[in-house]
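Below: the structure, in structure tokens.
The values are calculated or read from the model by the stated rules, or taken from the named source; none is laboratory data. Predicted model, so just to flag it, every value in this text is computed and none were measured. Methodologically, a virtual Cβ is constructed for each residue, glycine included, from the backbone with ideal geometry; neighbour enumeration extends over all protein chains shown. Accessible surface areas use protein heavy atoms only, side chains included; no ligands, DNA or RNA. Shrake-Rupley method; radii C 1.70, N 1.55, O 1.52, S 1.80 Å.
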Amino acid sequence: MKRLSSALFVLAVMLAQPVSAQAPSPDRARLNQRVFDRVWNEVRRTYYDPHLHGVDWDAARQRYRPQALAAADDRQLYRALSGMLDLLDDDHAGAQSPASVRRQERLRQRRAVIGFTLAREEGETYRVEQVRAGSPADEAGIGLGWRLRSVDGRDWGPEFDLVEGRPVTLTLIDDNGVERETVVTPRVMEPVPAFSADRSHPGVLVLRAEGFEAGLGRWVAEQLRDLPPETDVVLDLRGNPGGRLMEVEAVLACFLPNGEDWARRTGRTGRVVLLRTETGCGGRAAPVANDLAVLVDGFSRSAAELTPAALQQSRRAVVVGEKTAGAVLISQDTNLPDGGRLSLSRADLIMRDGRRLEKNGLTPDAVVARTVEDRRAGRDPQLEAAIRLLSENNPLIPAETRVSPSRP
């Protein structure tokens, strides 16, 4: 399965299991060896850049293999793997522990949650990015922008898990730099929907995608079916970590002409493949002509950068918000012997207009910030700007692509 990004940049808080300091058992050491060797060999054989960005991969093996083999648990093993993969300086090169994989697979299922998500900052610092209404975190008064210091006295880690009814002690730093220790009890809640539609704004349909997950293109097509031509569309990709390339293609098919060249992908062999739009937006003979805006921010990654870039270069949409993350390569997942997962870039990607989004990001047509204070107050200046631009005769959308009259 080809993906643009397999790892969620915004992470759910989980409860850590104790980290063992003892030497690994013989079975554990053998499993560590199998996992490490599989990762090292996959990179050497299949990474999109045969020169591995100049990294001495043999030297990397000598440095990190002893650490991996000596790991007494998943936390130590996957820290060694991550340290090695970080040498590639590629956001798509990552290893997920078995617990992390299981958690990701349960993302859209009923499960025990605390109810807030974290955004990773520099180093190992995590900031509270979202607090779910009615969740244990909300009831505990945890605020947006707070920083997580520890969970039950330990650093956050990929092997964390939650159990319904078992209290968790969180140590956080609030806006004033004050340390707060908060006890929350996870409980089972319904999953946050992967896709949602907001029709509360007159004359505007807002489509929100949490990720480019299976079914996104089909869902977008359903929302656009029978939509009046005078209704503007806003595609909200803020905080979207990316996902499936096939869903990018399905979404673009709803807005771009059939057969339009929008990007070029280059694999390990150097062979260039053109990416072109195809028909398939809910069986339509042609894409919709409704005016379109796309919302992005610094946590829009991979597929959530590629989609607005393709629409922007064709002047099919106005892009509003903040510069995106700059993590756009085509990656593929490989299952590891212990149930973990390796994500590895298999192809580079350049937009039709020559832009390379990897490490550069996408700059919106209209740069509009949304602060933590805005979010706390329930304000959304980015969405407001998008709606305003769509309602005006703005120069970012060519007249020949507009179908709806200006509204007062």
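Values computed for the structure shown
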{"item": "Dipole magnitude of the chain, debye to nearest 20 (Cβ charges: Lys/Arg +1, Asp/Glu -1, about Cα centre)", "result": "1000 debye"}
{"item": "Per-residue HN-Hα couplings for region 243-249 [Karplus 6.51, -1.76, 1.60; θ = phi - 60°; Hz; x = Gly/Pro]", "result": "x, 7, 5, 5, 6, 4, 4"}
{"item": "Long-range amide H partners of residue 292 with built H, under 5 Å", "result": "233, 318"}
{"item": "For region 195-279, diffusion coefficient by Stokes-Einstein and Kirkwood Rh (Cα), 20 °C, 1.002 mPa s, µm²/s", "result": "150 µm²/s"}
{"item": "Pair-distance profile P(r), taking every C-alpha pair of region 54-199, with 5 angstrom steps and integer %", "result": "2, 8, 14, 19, 17, 15, 12, 7, 4, 1, 0, 0"}
{"item": "Region 75-175: GluC sites (Glu not before Pro) in DSSP coil with no more than 14 other Cβ atoms inside 10 Å", "result": "121, 122, 124, 164"}
{"item": "Among 371, 279, 307: highest mean-square fluctuation, GNM of the chain, C-alpha pairs under 10 Å", "result": "371"}
{"item": "In range of the label at residue 86: residues from region 114-144 whose backbone nitrogen is under 15 Å from the point 7 Å along Cα→Cβ", "result": "120-126"}
{"item": "Solvent exposure of the chain as accessible area per residue, Å², 1.4 Å probe", "result": "44 Å²"}
{"item": "Inter-label distance, nm, simple model (7 Å from Cα along the C-beta direction), residue 285/residue 181", "result": "7.0 nm"}
{"item": "Most mobile listed residue (89, 152, 27) in the chain, GNM with C-alpha springs under 10 Å", "result": "27"}
{"item": "Value of D in µm² per second that Stokes-Einstein yields for the chain, Kirkwood Rh from Cα pairs, at 20 °C (1.002 mPa s)", "result": "95 µm²/s"}
{"item": "Listed residues 321, 145, 83, most fluctuating in the chain (Gaussian network, C-alpha, under 10 Å)", "result": "83"}
{"item": "Extension reserve of the residue 376-residue 122 stretch, reckoned as 0.36 nm per residue once the Cα distance is removed", "result": "89.1 nm"}
{"item": "Rg/Rg_ref, region 123-261, where Rg_ref = 2.2 N^0.38 Å and atoms are Cα", "result": "1.38"}
{"item": "Share of carbon and sulfur in the accessible heavy-atom surface of the chain [1.4 Å probe, %]", "result": "48 percent"}
{"item": "Whole-Hz couplings from phi, Karplus 6.51/-1.76/1.60, listed for region 178-190; x for Gly and Pro", "result": "8, 6, 10, 9, 10, 9, 10, 10, x, 9, 6, 9, 5"}
{"item": "Sparse-neighbour loop sites [trypsin sites (Lys or Arg not before Pro); region 141-216; at most 11 other C-beta within 10 Å; DSSP]", "result": "199"}
{"item": "Helical mean residue ellipticity (222 nm; -39500 (n - 2.57) per DSSP H run of 4+; nearest 500) of the chain", "result": "-7500 deg cm²/dmol"}
{"item": "Prolate/oblate/rounded call for region 264-373, Cα gyration tensor, a/c under 1.5 rounded", "result": "oblate"}
